[in-house]
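These notes are about the structure you will find just below.
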Amino acid sequence: MPKIVIAIDGYSSCGKSTTAKQVAARLGYAYIDTGAMYRAVSLFLLQNHIALTNPKAVQEALHHIHISFNFNPKTGRNETCLNSLNIEEEIRKMYISDIVSEVSAIPEVRYAMVAQQQKMGRKRGVVMDGRDIGTKVFPDAELKIFMTADPVIRAQRRQIELLQKGEMVGLDEILTNLKKRDFIDSNRSEGPLRKADDAIELDTSYITLDEQADWVVQLADEKI
Ligand code: C5P
């Protein structure tokens, strides 16, 4: 059976990654969380006090960043590693969400991450979620989904997620962060967040995660 690339793009906290993970598991595909890669770069730059306004320093830092995804049998999840260190929990925290859009708008960072993502998906059989997968990373993806949802509903979902991880953050702070990220992501010069012309739009405001996954799997079955 031929394997395809499924690109899931859209605004922050629409349920892209949870859906992508479920779809990948059901199809026996690899799942690649490209947001985690930009979060990992953000963590490295922060830890090493690298100024985001200094493209040369950022470019140099990129040579020292190795991102991988390791399967953890205890959690049953693929976890993000930066230079072999598990950073899965750290990169989900608010202080990373606060800077990740500025980091991911730096063209040098995007060139490096997009090249790695293209390499990771070259054999196809992947579900990749992000902001520019259908437009830039895999413009030839066989199935492209663009997710949207009401911003308040997205913020509420994100708040629950953070609470489950023990981080208490106010709804206003989360909403402000989501809107700021969406704005920066949509207005950057390199790889802006945009619906590809051939992407199918899905508003996830009032549907469950299982329904989202069922819908994507059904569309994928029609393509395979
Ligand atoms: O998906 P997640 O919310 O974890 O992504 C974090 C951030 O990484 C986004 O707000 C965006 O700035 C950036 N990103 C990106 N391109 C991607 C994936 C994520 O610019 N393909």
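Readers should treat all values here as calculations from the given coordinates under stated rules, not as data from a laboratory. Worth saying up front: this structure is predicted, and the values here are computed from it rather than measured. Reconstructed Cβ throughout: ideal geometry from the backbone, glycine too, with neighbour counts over all protein chains shown.
Details
- Subset tally (residues that are within 16 Å of the ligand (Cβ to nearest atom), more than 14 Å from Gly10 (Cβ to Cβ) and without any contact (Cβ under 8 Å) to a residue 24 or more places away in the chain) for the stretch 184-224: 1
- Of the residues making up the stretch 188-209, those that are more than 17 Å from Thr148 (Cα to Cα) and exposed (fewer than 14 other Cβ atoms within 10 Å of the Cβ) number 1.
- When Leu143 is tested against (1) among the hydrophobic types (A, V, I, L, M, F, W, C); (2) within 16 Å of the ligand (Cβ to nearest atom); (3) touching a Lys or Arg at 6+ places or on another chain (Cβ under 8 Å), only condition (2) is not met.
- Wholly enclosed strands (runs of 3 or more DSSP E) of the stretch 12-114 bearing at least 1 residues of a type in the set (Asp, Glu) and within 13 Å of the ligand (Cβ to nearest atom): 30-33
- Which listed residue is away from the ligand (no atom under 13 Å from the Cβ), farther than 15 Å from Ala36 by Cα and in a helix (DSSP H, G or I), from Lys136, Lys119: Lys119
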